[in-house]
Structures are given as structure tokens and as C-alpha cells.
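Chemist: Got a structure for you, written out below as C-alpha cells; questions coming shortly.
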């Protein structure tokens, strides 16, 4: 049976279920709705949600900031279907984010998902991203484009998370926030913004301290985030941004086995304590975006520079201390044709050029003390891509969308530790990424279908040779994915809902594993082929009294079609580890006209496997959280005290699972029920 027929069969039954629940399509003019009012930019062209033939979610400032601890993106994005998150409490490993399975393999940081902050990529040219520099306290909105998007962003675009910081589009103000809670949680924030002549500005600085629930899990960090909007004339504007992150302490408690997790969940792995496992980092990011909006066309130019110093102690001696000095930068240009085209046609063209330069050294870790050097190499990545995007409005109902991108990547390693020989080398990758979509607007909403592709090269860290020599592992290939989805979205009055079905075929999926000689260090191999099928649903409803209900549910089946590892073990037919088949969210929010607001939410995760063999099964859980706030004003002052409870019903669960960890050390237990409280004080001039 040919591949298109197989794909059709996999989508047919769920598609019948989907469309049986959708109101019949009638030959009437489509009605205006909030789908026209929600504007997104993660698709590389500003437009309404209804015009995007893809699954996309938008999260606003209230959900991000009101009464939250602001420790991680998962607090704001828990209700996004298809997006599975772990590891909020381990700042050395970073938040683990998986979007339709992309990113699930990550031992630390984020893989397979393009992360943007104010139009500047937080994702490196090699595909690795971090979230330790993202300032939740000044985030205005977050857009999540679900599913492969390499035709838009190139490498590692299995999905897109685009964060936009606030701008001071109001009278000048100054705002302070103090918060404290259990496990040594303290947070201090000072923010100022407003209009200064024709310009806008925002400056935010925050300090977070956390002792953590587990041993060896302290974290300390300071963030400075600034953004300035400077109009040059009626059609031209500059947006300047600068971010500074200083995280001198981020301890790593490590994974523990099932017995230790059951008897002493707050304990750390013994070797992580003796080797003082954890990291420290300092990063500066400067970016400039120029936007010109004229009848002849729209031009966007971007330029950014990032400097990062990073030190990491791992729980073993030989090469267990990492010192990394990183510099990466990039340029981009996009031009959208204007009135020279017919009104029913939009065309955009662009180019991205990004460069990465890493000086990586390894030393012996002598129980937390730096020892002899064992590794020294320079790693450079050059990424260049050109793309075109188009949309054609056939009539008031039908529209076609298409995109095409070509990328070239070069990895170049220069070995400077020549005692064990010269491991210098070079790897080249190039890929063509197409996408196609169709929208049909009905009286009841928007029906869409799309095809998109993605490719994902191994990162410089993932290319490490399992024999611990220098250079890159030449056996690793890029991961390739083809995504087909159909969906329906509607917003009418107080109700919004969406349903999407997808099927993804992957080749050479990148899979993590550990070795006994290097516990806590992750290496990678390619699986043959794998398949991902899923259904994503979301619904929001609100009434005039201030009550709102948000719910989402994701069902998926991610499995290896063909996978024999380097030891000859056959995992074909097994489920991908680290991902549940189903997870969901239910939130009830109330905002009264008298200033009282509150949210109670339940986050559900089904069972999952911790290893490729599907022997280690991790039970599912449901975690409840609650937040309450009360806002009142006195002249120009606004006061907002708030309280929150995490893990409301004291559920025993794991905040993170370390996939394929050696010795069965898969588990990182989450904190029990814990409380926090704070107050926000704002003065407007």
C-alpha cells in the first residue's frame, strides 16, 4: 500500500469523529468573529488566526503574570494542547518542552522547537534553545505554532514558541513586586514603562531565589529585560531590546531510582552531591528590529548578538567539568510585496543568516574542584536559509497558502587538545522544506488542512562521540519529519473551540542514551523510522459575570516503526519514551468587577515509559493549583496582593523523567503541596 493511502487511513476515523461534531457547512457568508481579532506573527506575516491554515495558540498577559510564581513557561502554557512540559524545578537542566513529540529527547535545554523573543531567536543555529533568559514578568503574549515549521524557520522548527515583551503604550509607571513561599522561594521585581514622547519603553529587573524541595537543588538568578519602540517617521520604526541573565547557582539533584524516589523523594543522587553537580551562567542578548510599512510593501530587518559564559559540573570525574564560552549572532530580512500585487495575493521573501562560535573545554571534576584539562575544541556552526511564503484568496471562503525554504548548515570543529590525536572535522547539511495549506471559511468557523515538513540536525552537544574523544560523531544524521493535519476552529460570542488531527512520519529520529562510564551525560543515536498520530482539542467559554472555563485534551500515539540500537536490540513497535499518550488541562477563572480574581486548575498527565524498551512505566497523575488575587486602587496607586497553592491535593508525582537513564535513575520527584504569596504595587504618573 502506498504511503498517501496509509496516511489517509490513519486520519479517516478520527476525521469522521471530528466532523460529526461540527455544525453542517451552509452556503452563507461567513460571520465576523474573534478569529479576525486575534492577530499572530509567529507565521512570519501578521494576520488573523482564522487565516492561518495551522494549529496555533495565543496566551495573554493576564494568564502569564497574574498570581503566578513566574518560575517557568509551563505556568502560562499548561493549557496549550499538544504541548507537554516537565522539569520546572531543575534550573540546571532547564524546562523540558515537547510539542507533538518534538523536544522530548532533550536531556537539558530545548530541542526541536524554535523559540523567539521579540523577534530574536533564542534557538541557536545548531537547534538548541534555552529558557533561562526569558523574563516572564514582562511578557505580554506568547504564541505557540504547533507542528513542523521548517518552511518558516529552518532547522529545529518542529514547532514555534514566540514570546513578545511588553511595551509602554500607556502613561509612565513604575511597578514593584515582592513574593515569597515555601522551599526558600523569594522573588523581587521592579518594572517601569510608558511613553516618552513618541517612543515607548519598558525596563524590568527581577531576582529569584529558590532552595528547592530536593537536596542539591538551590537556584539563584537575576534578570534584566528592556525593550524600546522608536518611531522614525509615520511608516518606519525601530525596536531595540537588551536582556542580561546572571545565574550563578543552579544545582542539579539528579535522577534517582524508583526505590529512592519512594522512600526519600526529597533526596538527591549521592554522586550529584559529592561532585557538586550543577551549572552557572551569564548571558547578554542585544537585538534590533527595523520595520517599514508602506503601500509598496513591508520590510523587516533584524540583527542580534548573544554572549554566553557557561560552567557545568557533572557527577563523574573524567571530563566532568565543562567550561563553555559562546558567541552567536545573526541577520535577517523579509520583504512582503504590497500594492504591486492583486488584493487577493500576498507574497513574502526572506533570508536568515546565523552564526555560532563555541569554545568548549572539559576538565576533571575532582569532587567539585576543577582538575586537569581533558578536552579543548572550537565548534562553529554556520546556518543560511532563504524562503518564500504566499497566500492566495480564491474567494470569500477559500484560500491557499504555501511556503518553501532552502537551508545550508556547516559544522566545523577545531581540536585544540592534541594529546590524543587531532579530531578536527567538518559536517555539511542541506535541506529543502515545503509547506502547503488550505482554508475554508464557513458560517460556523474555519476548516483547514495542511502539509508541513521539518528537519532537525543534531546540536553540537549531541554530536559528542560516545567514546569521549573530540570532534563530532559522523554516524548521526538529521531527523526529518512530514506532518499532515486537518482541523476546525471557531470563535462565536463567548465560546471558542478548536480540534486538530495530525499524523507525522519521522526518519532518523534522534534518541538519547547514557553510558556507565559517563553517568549523567547523554549521548544520541538515530532510530530508523517512527510515527506520531494525535488529536488536539481546546475550548474556552466565558460569561458576563466574569467566569471563564478553559480546557484542553491531547491524545497521541507515538511509536517506533523501525529501531534497532547500536547493541542490536530491536525496539520496533515500542512507544517513544518520555511522553504520555494523553494529557489535559481544566481551568476555572473568575474575575469580578470589584477586583477579586481567582483560578483553580487541574493538569493531567497519563502514564508514560521512561526507556526505549518500555519496561519502566511511570504512572500518570493529576495536579491541582490555585491562585487568588485582589486588586484595589488609591488615587494613582494600584495594589494587588495575591496567594497561590501548588499541588493543591498533595499528589505524589515526578516533575521530570530522565529518558533512558543508566541504572534506572529516571525519576525527579516533584514538591508536595506548597504555598506562596506576594504583592504588586503600581504607581502611574
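The values are calculated or read from the model by the stated rules, or taken from the named source; none is laboratory data. The model shown is predicted, which means the values in this text are computed figures rather than measured ones. When we count neighbours, we look across all protein chains shown, and the Cβ atoms used for this are built from the backbone with ideal geometry, even at glycine.
Chemist: Name the one entry in 312, 346 that is closer than 30 Å to residue 398 by Cβ, assigned to a strand (DSSP E or B) and touching a residue at least 40 places away in the same chain (Cβ under 8 Å).
Modeler: Step by step, each of 312, 346 is checked, and only 346 is closer than 30 Å to residue 398 by Cβ, assigned to a strand (DSSP E or B) and touching a residue at least 40 places away in the same chain (Cβ under 8 Å).
Chemist: Does the stretch 410-426 contain any residue that is within 30 Å of residue 451 (Cβ to Cβ) and in contact with a helix residue (DSSP H, G or I) (Cβ under 8 Å, 6 or more places away or on another chain)?
Modeler: Checked against the condition, which is being within 30 Å of residue 451 (Cβ to Cβ) and in contact with a helix residue (DSSP H, G or I) (Cβ under 8 Å, 6 or more places away or on another chain), the stretch 410-426 yields no hits at all.
Chemist: Can you give me the number of residues within the stretch 630-654 that are surrounded by fewer than 21 Cβ atoms within 10 Å (Cβ to Cβ), in a strand (DSSP E or B) and in contact with a strand residue (DSSP E or B) (Cβ under 7 Å, 6 or more places away or on another chain)?
Modeler: Matching residues across the stretch 630-654 total 9.
Chemist: Restricting to the stretch 667-685, give me the number of residues that are part of a strand (DSSP E or B) and either over 30 Å from residue 191 (Cα atoms) or free of Cβ contacts under 8 Å to residues at least 60 places away in the same chain (or both).
Modeler: 3
Chemist: Restricting attention to the stretch 87-127, which residues are in contact with a helix residue (DSSP H, G or I) (Cβ under 9 Å, 6 or more places away or on another chain), buried (at least 24 other Cβ atoms within 10 Å of the Cβ) and closer than 25 Å to residue 210 by Cα?
Modeler: 95, 97
Every residue, every condition in (1) under 25 Å from residue 500 (Cβ atoms); (2) in contact with a strand residue (DSSP E or B) (Cβ under 7 Å, 6 or more places away or on another chain); (3) assigned to a loop (DSSP other than H, G, I, E, B), yes or no:
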position: 545; (1), (2), (3): no, no, yes
position: 549; (1), (2), (3): yes, yes, no
position: 555; (1), (2), (3): yes, yes, no
position: 561; (1), (2), (3): yes, yes, no
position: 567; (1), (2), (3): no, no, yes
position: 579; (1), (2), (3): yes, yes, yes
position: 583; (1), (2), (3): yes, yes, no
position: 590; (1), (2), (3): no, yes, no
position: 601; (1), (2), (3): yes, yes, no
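Chemist: Here is a list of conditions, (1) surrounded by fewer than 21 Cβ atoms within 10 Å (Cβ to Cβ); (2) at pLDDT below 80, and residue 35 meets all of them except one; can you say which number that is?
Modeler: Of (1) surrounded by fewer than 21 Cβ atoms within 10 Å (Cβ to Cβ); (2) at pLDDT below 80, only one is false for residue 35: (1).
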